[in-house]
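The values are calculated or read from the model by the stated rules, or taken from the named source; none is laboratory data. Bear in mind that the values here come from a model prediction, so they are computed numbers and not experimental data. Because the Cβ atoms are built from the backbone with ideal geometry, glycine has one as well, and the counts that use them run over all protein chains shown.
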There are 2 protein chains.
Amino acid sequence: MSGAPFLGVLGGMGPLASAQFMLRLTLLTPAERDQDHLPALLWSDPRIPDRTAARLAGGEDPLPWLLRGIAGLEAAGCGAIAIPCNTAHGWYEAMQAATPLPILHIVDAAAEDLARQGVASGRVGLLATAGTLAMRLYQPRLEARGYSVITPDEAEMRELVSPGIALVKANRVAEAYAPLAEAATRLKARGAAAVVLGCTEIPLGIQAGPSAEIGLPLVDTIDALALASLRWAGK
Amino acid sequence: MSGAPFLGVLGGMGPLASAQFMLRLTLLTPAERDQDHLPALLWSDPRIPDRTAARLAGGEDPLPWLLRGIAGLEAAGCGAIAIPCNTAHGWYEAMQAATPLPILHIVDAAAEDLARQGVASGRVGLLATAGTLAMRLYQPRLEARGYSVITPDEAEMRELVSPGIALVKANRVAEAYAPLAEAATRLKARGAAAVVLGCTEIPLGIQAGPSAEIGLPLVDTIDALALASLRWAGK
């Protein structure tokens, strides 16, 4: 009754994205029966204060809540931690300093997925929360790998991306498609060779419509982090 | 940073069903933002020995694994436990005896969903694992509420239901539809006014095809248990 350690999943940010992460982690696993799958523990705490509000508007600090989840996952016997929320990675260094467990970084997972999809360098678009953009979570890590990053302008964030994310958090995924697809299409028009969906709500909205019509490789950061988790587990 | 206790979810049986439970729990919650959702902790351990094999074929006893999960959920501060696996409820009394936390019974949740769908009494069909049928998990609880229960015969279990469940556990949900829908249709022909999908893999297969064509109320035990969990949380 021992064996491989659990993958710890710090979630609830939002809860739909972390449930989808568990679903995709399962579907992406080569498996013939239950026992071939990865043991995983999902700490889904949707009460964790909003990450973008904390960074941009003086909202409540999420770090104590994040550290509580990490301590809980560590106490339960996890061997690594995945966090299916891009914006929460703004607190990555503080979280990693608080635990000996490796925390798989979602931006590295996204970069590995760009390469897997054949986009090895050049200009890529990034759709993300205002918090993730303000913290520049993606730029240093992607630029170190030879990419340049373009992002929506302030009006596009206000009119397209932020409302699209909010619709997913309110369970209105079908309505989220149009504004998010429009934002991706504008990045394509500005020369992006691929678009990273750098907020885990965004793929849920994009998949609710005819996303193939956007006509670009899209990096789903839920899938990218699930694939990184399977690599950690040797699957 | 305190507040409502977590819902504990003892899962991994199978992992796709427990991920789907988390997704449905989220989508069935009236919510406008992350913070309106239920905090939940999913203990997904797909290594828990097969419940049907344990009951019918002398396979390894899952009870120590189930109790380890319950102890982990209790230690992490959960306030109640939901188990999105029907067959595991064959060990319900031993699990409930081991914890002061209430364990929401999936058969009671299914009965409440029959009533919600307007089926208040009479003959209902049950699709489930051979283990659940052998343990008669449904009959006493449904008969006490005025239902009579009909089930597939041995050939239907061998040729339709058991293969359908195995296909879902191997991530082959689309192929699972035909045999499972055929089994449901045969119960309808024998007079069932509704069919309880009494194994959490079965709704995943049934939803992969045109299930409305079956032409009967279907009780999805994943949704039924999610609704019971939301009632527990006062949502």
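Inside the stretch A:119-135, residues that are out of contact with any Pro (no Cβ under 7 Å at 6 or more places or on another chain), touching a residue at least 40 places away in the same chain (Cβ under 8 Å), part of a loop (DSSP other than H, G, I, E, B) and within 14 Å of A:Ala193 (Cβ to Cβ) make up a count of 0.
Restricting to the stretch B:74-100, count the residues that are within 19 Å of the chain's Cα centre (by Cα) and of a type outside the set (Asp, Glu).
Keep residues of the stretch B:74-100 that are within 19 Å of the chain's Cα centre (by Cα), which gives B:80-96.
After this cut, where a residue has to be of a type outside the set (Asp, Glu) as well, the list is B:80-92, B:94-96.
Of the residues in that region, 16 qualify.
In the stretch A:136-146, the condition of being crowded, with 23+ Cβ neighbours inside 10 Å, at pLDDT 95 or above, in contact with a helix residue (DSSP H, G or I) (Cβ under 6 Å, 6 or more places away or on another chain) and not in a helix (DSSP H, G or I) is met by at least one residue.
Looking only at residues that are surrounded by fewer than 24 Cβ atoms within 10 Å (Cβ to Cβ) and not hydrophobic (A, V, I, L, M, F, W, C) in the stretch A:14-33, which one is nearest to B:Leu27 (Cα to Cα)? Outline the logic, then answer.
Going residue by residue through the stretch A:14-33, those that are surrounded by fewer than 24 Cβ atoms within 10 Å (Cβ to Cβ) are A:23-24, A:27-33.
Next cut, not hydrophobic (A, V, I, L, M, F, W, C) only: A:24, A:29-30, A:32-33.
Numbers: A:Arg24: 17, A:Thr29: 24, A:Pro30: 27, A:Glu32: 28, A:Arg33: 27 Å.
The residue in question is A:Arg24.
Only a single criterion out of (1) under 24 Å from A:His37 (Cβ atoms); (2) in contact (Cβ under 8 Å) with a residue 40 or more places away in the chain; (3) more than 7 Å from every other protein chain (Cβ to nearest Cβ) is not satisfied by B:Ala57, namely (2).
Each residue in the stretch A:105-146 was checked for being closer than 19 Å to A:Arg231 by Cβ and among the aromatic types (Phe, Trp, Tyr), and 0 of them qualify.
Conditions tested, residue by residue: (1) small (Gly, Ala, Ser); (2) more than 8 Å from chain B (Cβ to nearest Cβ); (3) touching a residue at least 60 places away in the same chain (Cβ under 8 Å).
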position: A:Leu7; (1), (2), (3): no, yes, yes
position: A:Ser18; (1), (2), (3): yes, no, yes
position: A:Leu25; (1), (2), (3): no, no, yes
position: A:Ala31; (1), (2), (3): yes, no, no
position: A:Leu38; (1), (2), (3): no, no, yes
position: A:Ser44; (1), (2), (3): yes, no, no
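Going through B:Thr87, B:Thr52 one at a time, which residue ends up being hydroxyl-bearing (Ser, Thr, Tyr), within 13 Å of another protein chain (Cβ to nearest Cβ), at negative phi and touching a Leu at 6+ places or on another chain (Cβ under 8 Å)? Give the steps one after another, and end with the answer.
Working: B:Thr52 fails: touching a Leu at 6+ places or on another chain (Cβ under 8 Å).
Testing whether each residue is hydroxyl-bearing (Ser, Thr, Tyr), within 13 Å of another protein chain (Cβ to nearest Cβ), at negative phi and touching a Leu at 6+ places or on another chain (Cβ under 8 Å) leaves just B:Thr87.
For beta carbons closer than 9 Å, sequence separation of 6+ or different chains, a first residue in the stretch B:206-220 that is over 14 Å from B:Leu127 (Cα atoms) and a second that is of a type in the set (Asp, Glu), the qualifying pairs are B:Gln207/B:Asp220; B:Ala208/B:Glu175. Out of B:Leu133, B:Leu101, one residue alone is modelled with pLDDT of 95 or more and either outside the structural domain of B:Ala193 (by the TED database) or surrounded by fewer than 19 Cβ atoms within 10 Å (Cβ to Cβ) (or both). It is B:Leu101.
Only one entry in A:Glu182, A:Glu74 is surrounded by fewer than 22 Cβ atoms within 10 Å (Cβ to Cβ) and not assigned by the TED database to the domain that holds A:Ala228, namely A:Glu182. Applying the criterion of being part of a loop (DSSP other than H, G, I, E, B) and in contact with a helix residue (DSSP H, G or I) (Cβ under 8 Å, 6 or more places away or on another chain) to the residues of the stretch B:147-168, the residue that is surrounded by the most Cβ atoms within 10 Å (Cβ to Cβ) is B:Pro152.
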